[in-house]
Amino acid sequence: MAFANANISDIIATTIESRTRQIADNVTNNNALLMKLDKKGRIKTFSGGYKILQELSFAENSNAGWYSGYDLLPVGVSDVISAAEYDIKQAAVPVVISGLEMLQNSGKEKMIDLLEARLEVAESTMANLITGGLYSDGTAAGGKQIDGLNAAVPVDPTAAPYGGIDGATFTFWQNAVSDQTAADGLDPTKIQGFWNLLWADLVRGQDRPDLIMTDTTVWNAYISSLQAQQRFTNTETADAGFATLKFMDADVCLDGGIYNGNNGSGAQAGTAYFLNTNYIHYRPHADRNMVPLSPNKRYATNQDAEVQIMAWAGNLTTSGRQFQGRYDANG
């Protein structure tokens, strides 16, 4: 039976649809932070609303206290729950087929091979786009980029509101910072001492960082600080394809590599994020998580081409900014 080129847009859409879970998984597995959030159950879709609301506890219950016998117990209202608000950010990767390519790939098998190649490129492009966004401050592309770690865990947590809450006013919404010059911050003889102090600022009982994401320069300084017998790796994270060491009991992951600073993806130059992933959340929309934007055909008005768009919407959110830390060697 002849292959109907007129249905090519439908085939692109249905192919993307059938690969939705696979594409989402590939994006998650592209980054150690997303992989950790997935394992912690911190990837949770939302179904609608003007904003993404992330519930958080900002104070203890003021009714708590000691009592004896028939003492009256306080039962006043204790307002301890609020929510941070995050904008819904959107991303898309168009998959385009020209009229000439449709003619050249007239057989069904040839068309499937072409689509497979185009979709693999679209998947990797989307994965890198979101991974880069995970380290952003949310201001790129006119404020359309994800509110990434540079916004959630900035060098100055009082400089700008985040999630609709002003860190300059509310101290519980301030992350910890170790701000060093490159001469000190990248000195292998000093880096562990700085990290010890930053770590101590982020521990509350069993709450402590479980993931440290570094760029290449900080990674190299940390490796140089270790003696051979101290180079413990985490096999689970390493087996997933990430270069990993340990600090205390947290995974230390390299997310820099060939990237210069943050010009592709990966942590900013001279930076390590000390993250408690119990309080970080990846929130894609339930109906817009690597899916075709619409099943309808999309034609270029002045070109012989058809296009289908792979789309995503959501944001990275935080419910406990005070449990996050940033090591900065750019001061």
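The values are calculated or read from the model by the stated rules, or taken from the named source; none is laboratory data. From a predicted model like this one, the values you see are computed outputs, not experimental measurements. Cβ coordinates were reconstructed from backbone atoms using ideal geometry, including for glycine residues, and neighbour counts include every protein chain displayed.
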Would you mind telling me which numbered condition in (1) modelled with pLDDT under 75; (2) over 27 Å from residue 45 (Cβ atoms); (3) surrounded by 15 or more Cβ atoms within 10 Å (Cβ to Cβ) residue 157 fails?
(1)
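Before we move on, is residue 169 without any contact (Cβ under 8 Å) to a residue 40 or more places away in the chain and farther than 19 Å from residue 317 by Cα?
yes
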Index of the failed condition, residue 197 passing every other in (1) under 25 Å from residue 270 (Cβ atoms); (2) touching a residue at least 60 places away in the same chain (Cβ under 8 Å); (3) touching a Ser or Thr at 6+ places or on another chain (Cβ under 9 Å); (4) part of a helix (DSSP H, G or I)
(2)
Candidates 183, 200, 168, filtered to the one that is surrounded by fewer than 15 Cβ atoms within 10 Å (Cβ to Cβ) and under 22 Å from residue 139 (Cα atoms):
168
Which of the residues belonging to region 124-160 are more than 11 Å from the chain's Cα centre (by Cα) and of a type in the set (Ser, Thr, Tyr)?
124, 125, 139, 158
